[in-house]
Amino acid sequence: MKFDTKIVRSGIEPDPTTGAIVPPIYQTATYVLPEVGRDLGFDYTRSANPTREILENNLAAIEGGKFGTCFSSGMSAVDSVLKLLKRGDHVVCSDDVYGGVSRHFNSILVNYGLTFTYVDSSNPENVKNAITSDTKLLWVETPTNPLLKVTDLDAMSQIAKDHGIFFGVDSTFATPVFLRPIEFGADIVMHSTTKYISGHNQIIGGIIITNNERIHEKMKFVQKTIGAVPSPFDCWLTLLGVKTLHLRMKRHASNAQAVAEFLESHPQVKKITYPGLESHPQYVVAKEQMDGFSGMISFELKDGIPAGKTLMNSVKLCSLAESLGAVETMITHPATMTHVDVPIEERHARGLSDGLVRISVGIEDVDDIIADLSQALNKSNNY
């Protein structure tokens, strides 16, 4: 089965009772048992739900994995992965991660005896040098949020194997359409299904995908025990969104390429980062391991923070909003929005300036997106 067909059909069969082509929403908390000690495969929705299982199987197949475990958010998925570890264990993590991840690591998980080292994982030597005898997990985002650094997954996989540690990848920005980390040796792939996978700003969710049965059994145990599960309705909405994932991602990427080229040539723009531009520091790596460059762009204006604020307050088509990966174009100020909880010294050390602007390029007509940015840039020139 070819990839685009997998997206539409994998794990999805007509409902055996009615023949419905769209899977039903099994909106139930519990299930009636035919007799004591025997169920029909389900007993309580926190443990398992038919709609959720369809989504888990569909997304695992798309990613090229054997097992999928859905959670109520991307953050609950990340937290569940860290439950593979114990007090005293050490994690090497990409330095430019989503602010919610570093907040969780630095403010909560350190209280349970885990330690973290953040490195620029686009340079494999940084990762090698950070590993200690206590390291048990290498956690990578690629491309990263919001600086769009790209990490060589082949190199990371080899490092993880050499040291006998788990290798996990947050592949939310790329999606399985453009990158499938399991093919490069990742043990764990995480997606915030809130973003591109559902694609319409309609749900909050996350998933862990793996080929490792032991990891999968642990994730299912955590899912059942902690109870951070998505509702059947959210799973159903995600399934509807997934059906057009390949079509949407191709449009996101083509639009983003055009917007990036427009911004790169604009006199107001000081710096732009997009993996599809040859000026991107890891362009060669991105081109080799990705099938497309997705829809995220970061840039800074020459006149700094005031100009950036004017730009973001002047857009009309683009929406000033948290989140990303939806059909609508959204513009974000990471320093005051997605990464506001990251201490300013840490943000600046990462290279995340206060004037950075992040755009999640949608699937509208690209001429309209560029026209909106153009008029807002003109206003920022006169802030």
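The values are calculated or read from the model by the stated rules, or taken from the named source; none is laboratory data. Please read all numbers here as calculations on a predicted model, not as lab measurements. Note that we place each Cβ from the backbone using ideal geometry, even for glycine, and neighbour counts take in every protein chain shown.
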*asked:* So, in the stretch 336-383, how many residues would count as being closer than 30 Å to residue 119 by Cβ, at pLDDT 80 or above, in contact with a Gly (Cβ under 8 Å, 6 or more places away or on another chain) and among the aliphatic types (A, V, I, L, M)?
replied: 3
*Which of the residues that make up the stretch 63-116 are at pLDDT 95 or above, of a type in the set (Phe, Trp, Tyr) and within 30 Å of residue 48 (Cβ to Cβ)?*
67, 71, 105, 112
*Do we find that residue 182 is within 30 Å of residue 360 (Cα to Cα) and β-branched (Val, Ile, Thr) in this structure?*
yes
*asked:* For the stretch 5-24, give me the residue count where each residue is free of Cβ contacts under 8 Å to residues at least 24 places away in the same chain, within 17 Å of residue 52 (Cα to Cα) and not aliphatic (A, V, I, L, M).
replied: 5
*Elements of type strands (runs of 3 or more DSSP E) contained in the stretch 81-191, each with 2 or more residues being touching a residue at least 60 places away in the same chain (Cβ under 8 Å), outside the structural domain of residue 294 (by TED's automatic domain parsing) and not hydroxyl-bearing (Ser, Thr, Tyr)*: 166-170, 188-191
*Just one of the numbered conditions (1) within 16 Å of residue 141 (Cβ to Cβ); (2) surrounded by fewer than 20 Cβ atoms within 10 Å (Cβ to Cβ) is not true of residue 262; which one?*
(1)
*asked:* Every residue in the stretch 300-330 that is crowded, with 23+ Cβ neighbours inside 10 Å and under 26 Å from residue 240 (Cα atoms), please.
replied: 318, 324, 325, 326, 329
_Residue that is surrounded by the most Cβ atoms within 10 Å (Cβ to Cβ) [pool: residues in the stretch 157-169 that are under 22 Å from residue 98 (Cβ atoms) and touching a Ser or Thr at 6+ places or on another chain (Cβ under 7 Å)]_ = 169
*asked:* Among the residues of the stretch 4-17, are any in the same structural domain as residue 198 (by TED's automatic domain parsing), assigned to a loop (DSSP other than H, G, I, E, B) and more than 16 Å from residue 57 (Cβ to Cβ)?
replied: yes
*Candidate set: the stretch 25-38, residues that are free of Cβ contacts under 8 Å to residues at least 60 places away in the same chain, of a type outside the set (A, V, I, L, M) and surrounded by 10 or more Cβ atoms within 10 Å (Cβ to Cβ); chosen: the one nearest to residue 233 (Cα to Cα)*: 30
_I need the full set of residues from the stretch 218-243 which are among the hydroxyl-bearing types (Ser, Thr, Tyr), part of a helix (DSSP H, G or I) and surrounded by fewer than 22 Cβ atoms within 10 Å (Cβ to Cβ), in order please._
225
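Yes/no matrix, rows are residues, columns are (1) free of Cβ contacts under 8 Å to residues at least 40 places away in the same chain; (2) over 21 Å from residue 81 (Cα atoms); (3) under 18 Å from the mean Cα position of the chain (by Cα):
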| residue | (1), (2), (3) |
| --- | --- |
| 214 | yes, no, no |
| 236 | no, yes, no |
| 263 | no, yes, no |
| 274 | no, yes, yes |
| 280 | no, yes, no |
_the stretch 265-294, subset assigned to a helix (DSSP H, G or I) and among the β-branched types (Val, Ile, Thr), residue surrounded by the most Cβ atoms within 10 Å (Cβ to Cβ)_ = 285
